[in-house]
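The structure appears below as structure tokens.
The values are calculated or read from the model by the stated rules, or taken from the named source; none is laboratory data. Note that the structure is a prediction, hence the values are computed from the model and not measured. Counting neighbours? That spans all protein chains shown, and the Cβs are built from the backbone with ideal geometry, glycine included. Areas reflect the complete protein model, heavy atoms only, side chains present, ligands, DNA and RNA absent. Shrake-Rupley method; radii C 1.70, N 1.55, O 1.52, S 1.80 Å.
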Amino acid sequence: MYETIQILHSYWAYLVLLILILATGNALFKSLSGKEYSAKDFRISLFTLIVSHIQLLIGLLLYFVSPRLQLFSELGMGGVMKDAVNRLYLVEHPTINIIAVALITIGYSKHKKKLTSSGKLKMIAIFYTIALVLFLSRIPWRAWLG
């Protein structure tokens with residue numbers, strides 16, 4: 001079961017990154033070029049919100065069925081924090097990515113309350129860009145690309 005969830009989490013991450021890059025780029029481009037917010041922009045930002053939340057749920061499930069989780073009881077928090085790989089998988093990756101999904105949620109919520117196109121696009125651009133940077137910073141690149 002763990003391996004199946006891990007594969008799903010890894011492949012779904014490609015979709016999340018793709019749509020997040022699309023939504024961020026779209027919002028930045030339209031915001032900087034002064035274009036109007038449209039229904040397409042709403043759908044892109046909503047789809048980003050949905051796929052990121054699905055990824056969060058898959059990730060949480062993966063976290064709690066992971067054999068690494070027992071390292072907390074074996075090594076203690078200090079032991080986990082001393083090992084860079086265990087710290088990445090058990091602390092940094094989940095924490096930063098939960099924050100990133102929260103930022104996507106906040107950005108989506110704030111953009112709906114704005115009345116102007118520039119305000120809507122600016123909220124998406126700011127929050128989704130920060131989330132994208134956070135996601136990219138905590139991807140286990142060696143495992144993902146290797």
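Annotations
- Accessible surface, the chain, averaged per residue in Å² (probe 1.4 Å): 58
- Sulfur and carbon atoms: percent of accessible area, the chain [1.4 Å]: 70
- If you sort 29, 42 by accessible surface, 1.4 Å probe, largest first, the order is 29, 42.
- Nearest-ten-degree value, helix 39-65 long axis tilted from longest Cα axis of the chain: 10
- With a 1.4 Å probe rolled over the protein heavy atoms of all chains, the accessible area of 141, 12 falls in the order 141, 12, largest first.
- Compactness index (Cα Rg / 2.2 N^0.38 Å), region 22-146: 1.27
- Residue 29/residue 75 FRET efficiency (R0 41 Å; Cβ-Cβ; nearest 0.05): 0.30
- Taking 16 Å as the straight-line reach from the Cα of residue 120, the lysines in range (excluding those fewer than 8 positions away in the same chain) are 30, 35, 40, 110, 112.
- Net charge, residue 114 excluded, C-beta distance under 14 Å - Lys, Arg +1, Asp, Glu -1: +4
- If you take the Cα centroid of region 126-146 and the Cα centroid of region 1-79, the two points sit 9 Å apart.
- Extended-chain gain in nm, criterion 0.36 nm per residue less alpha-carbon gap, residue 8 and residue 87: 26.2 nm
- The label point for residue 137 and the one for residue 22, both projected 7 Å from the Cα toward the Cβ, are 2.6 nm apart.
- R0 of 30 Å, Cβ-Cβ distance residue 68-residue 15: FRET efficiency to nearest 0.05: 0.80
- These residues, 1, 81, go from largest to smallest accessible area, 1.4 Å probe, as 1, 81.
- The chain: relative contact order in percent, alpha carbon pairs under 8 Å with at least 6 residues between: 32
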